[in-house]
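Engineer: Please read through the structure below; I'll follow up with questions.
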Amino acid sequence: MKKHFLTALCALVASPALAHLPPEQHGSFMAGASHPLFGLDHIIAMIAVGVWAMQIGGKAVWAVPAVFVGAMALGFMGGIAALPLPFVEPMILASAILIGLLASFAVKPGLAGGIAVAAVFGLFHGHAHGAELGAAQALGFGVGFVIATALLHAAGILAARLTARALPYGPRLLGALATLMGLSLLIG
């Protein structure tokens, strides 16, 4: 009896999750802009892309995030079209861990290597967004999540620059933090 009472009480006082908008707003710009901000795996990976791009330097500072966003848009269209892509969620989690590792070890594969990594992981992130969207309006949602993703990349670049000024190994520490946070999601 106590168990049922507590369950009912919890159901009455529970509030809706912040990650979800009312159904009529699922395809909205705001839904797309907020969606990447409510998934810790997405936030970690997006910021890590910016940190790593800044470490690679040169054209990679803008090209790696731009390719990630472009591949994400292609993956988004594939997800909407229900094109099969295996291991989407594991690859999203892997992106946070692996890009964090690349940043923590300051791996500089050059522009082509950075673009290749960004393209692969961007495709998986986009596919997840498109597949989750379902029949909702795609354009507003897509524009919102592209802008939010680009802003998270910019935050990573800015964080890397600021920490590098304060501490030579600052960006590497940010990469290690991304890796640890990604691993905690794997374990938790």
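Engineer: May I ask you to list the residues in segment 137-164 that are of a type outside the set (V, I, T) and within 10 Å of G32 (Cβ to Cβ)?
Structural biologist: If the condition is that a residue be of a type outside the set (V, I, T) and within 10 Å of G32 (Cβ to Cβ), then Q137, A138, L139, G140, F141, G142, G144, F145, A148 are the ones that fit.
Engineer: Exactly one of these conditions fails for K108: (1) over 17 Å from the mean Cα position of the chain (by Cα); (2) modelled with pLDDT of 95 or more; (3) assigned to a helix (DSSP H, G or I); (4) not polar (S, T, N, Q). Give me its number.
Structural biologist: Answer for K108: the failing condition is (3).
Engineer: Can I ask one more? For G114, are the conditions met, namely being assigned to a helix (DSSP H, G or I), in contact (Cβ under 8 Å) with a residue 24 or more places away in the chain, of a type outside the set (F, W, Y) and within 15 Å of P36 (Cβ to Cβ)?
Structural biologist: No; evaluated as a whole, the condition is false for this residue.
Engineer: Right, here's the next one. Is there a residue being out of contact with any helix residue (DSSP H, G or I) (no Cβ under 7 Å at 6 or more places or on another chain), among the aliphatic types (A, V, I, L, M), free of Cβ contacts under 8 Å to residues at least 60 places away in the same chain and more than 15 Å from A148 (Cα to Cα) anywhere in segment 68-80?
Structural biologist: Checked against the condition, which is being out of contact with any helix residue (DSSP H, G or I) (no Cβ under 7 Å at 6 or more places or on another chain), among the aliphatic types (A, V, I, L, M), free of Cβ contacts under 8 Å to residues at least 60 places away in the same chain and more than 15 Å from A148 (Cα to Cα), segment 68-80 yields no hits at all.
The values are calculated or read from the model by the stated rules, or taken from the named source; none is laboratory data. The structure displayed is predicted, hence computed values, not measured ones. In this analysis, Cβ positions are derived from the backbone assuming ideal geometry, glycine residues included, and neighbour counts consider all displayed protein chains.
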